[in-house]
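To start, the structure itself, in structure tokens.
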Amino acid sequence: MFQENCLKGQKGLITGGSSGIGLEIARVLIAHGAELTITGRDTSKLAHAKSELGDVLTVAGDVRQADDVAQTVDAHMARFGQVDFLINNAAGNFLCPIEAMSENAFRSVMEIVAHGTFLFSKAVFPHMKKRGYGRIINTGATYAWGQASYVAHSGAAKAAVLNLTRSMAVEWGHYGILVNMIAPGPIDQTEGMKRLMADPKKTDMLLNMMPVPRMGKGSEIGLAALFLIHPLSSYITGIALPVDGGMSLITPGLIPPGFGPKA
Ligand code: HXC
């Protein structure tokens, strides 16, 4: 699709890069010449990803912890000397009606998704500002601008990420830093779909309602990320790009009433 090695010389970071959508993005970017640091909390998942991806830097850490974030960016800079792009992809999610959701459950997801995006973006910012160049891509969800029944913690967090995307785009555009959000639909074989769409009958009903009636592929999110890093998109900032087979045109959330768990 894109020229081989079109990202040659580009060095970037992907949070939550050892599995799911993050790993799929890593595969696509590496296939086009990028060099990567990937982060995650689970060292065995990181080791597994490294054995597949080859020469990537892996750094274990929690996006909620400012010290971990600083150490990760320092390790990336020590190895690569520059950060061309950051993909804020680490997320947490599970099905839970609001009436059964504990304060800690809400806080955990908010901190991974919203605080994690804030902390990592702030940590790479000085390096990007110094070079007058950077791309930040936040992994959101289409329910960021709709509603998020049964995943309200994630919905609140992704809405925060959407707003943060726009604020960073406006404040940092004149430094040469472009900030965009990708909003994936249901992506096959991901942790999120295992957690959110465990019932095959309900999943089939949902998929059949979609304009493109199938699950998305991880590579389809990877290619969207590639586009937003590629010079082709050099005049695009502050957007939220749905990559969802049109699902958000049919439902403003992911889990309609009757499809969610009981409290
Ligand atoms: C109710 C739950 C729960 C569940 C956890 N909790 N799972 N409550 N139902 N299924 C509660 C716990 O009881 C606890 O509250 C609080 O949440 C924190 O849980 P911990 O396990 O202590 O937290 P932590 O280890 O930090 O784990 C964070 C997590 C976990 C979010 C809860 O699920 C996680 O690490 N997930 C990472 C992977 C992931 O979710 N990937 C999918 C992203 S998909 P109490 O009150 O008991 O202390 C995605 C989809 C996007 O985002 C949209 C696609 C269309």
- Message: Which residue is nearest to the ligand (Cβ to nearest atom), if the candidates are limited to the stretch 193-207 and must be open to solvent by less than 70 Å² (accessible area, probe 1.4 Å) and either of a type in the set (D, E) or without any contact (Cβ under 8 Å) to a residue 40 or more places away in the chain (or both)?
- Response: M193
- Item | Residue that is closer than 30 Å to P261 by Cβ and of a type in the set (F, W, Y), where the choices are F2, F80, F94 | F94
- Item | Selection within the stretch 211-238 - hydrophobic (A, V, I, L, M, F, W, C), open to solvent by less than 60 Å² (accessible area, probe 1.4 Å) and in contact with a Leu (Cβ under 9 Å, 6 or more places away or on another chain) | M215, A224, A225, L226, L228, I229, I236
- Task: Go through the stretch 244-263 and count every residue that is surrounded by 20 or more Cβ atoms within 10 Å (Cβ to Cβ) and not in a loop (DSSP other than H, G, I, E, B).
- Result: 2
- Item | One residue from L46, L53 being away from the ligand (no atom under 16 Å from the Cβ) and either touching a residue at least 40 places away in the same chain (Cβ under 8 Å) or not charged (D, E, K, R) (or both) | L53
- Query: Do you know which of the residues in the stretch 171-192 that are assigned to a helix (DSSP H, G or I), under 15 Å from K129 (Cβ atoms) and in contact (Cβ under 8 Å) with a residue 24 or more places away in the chain is farthest from the ligand (Cβ to nearest atom)?
  - Reply: Y175
- Task: Taking the residues in the stretch 165-196 that are within 16 Å of the chain's Cα centre (by Cα) and acidic (D, E) as candidates, determine which candidate is modelled with the lowest pLDDT.
- Result: E191
- Query: So, in the stretch 122-156, of the ones that are part of a helix (DSSP H, G or I) and of a type in the set (F, W, Y), which residue ends up surrounded by the fewest Cβ atoms within 10 Å (Cβ to Cβ)?
  - Reply: F125
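The values are calculated or read from the model by the stated rules, or taken from the named source; none is laboratory data. For clarity, every value in this text was computed on a predicted model and none was experimentally measured. Every residue, glycine as well, gets a Cβ built from its backbone with ideal geometry; the counts of neighbours run over all protein chains shown. Each accessible area value is taken on the protein alone, full model and side chains, heavy atoms only, with ligands, DNA and RNA left out. Shrake-Rupley method; radii C 1.70, N 1.55, O 1.52, S 1.80 Å.
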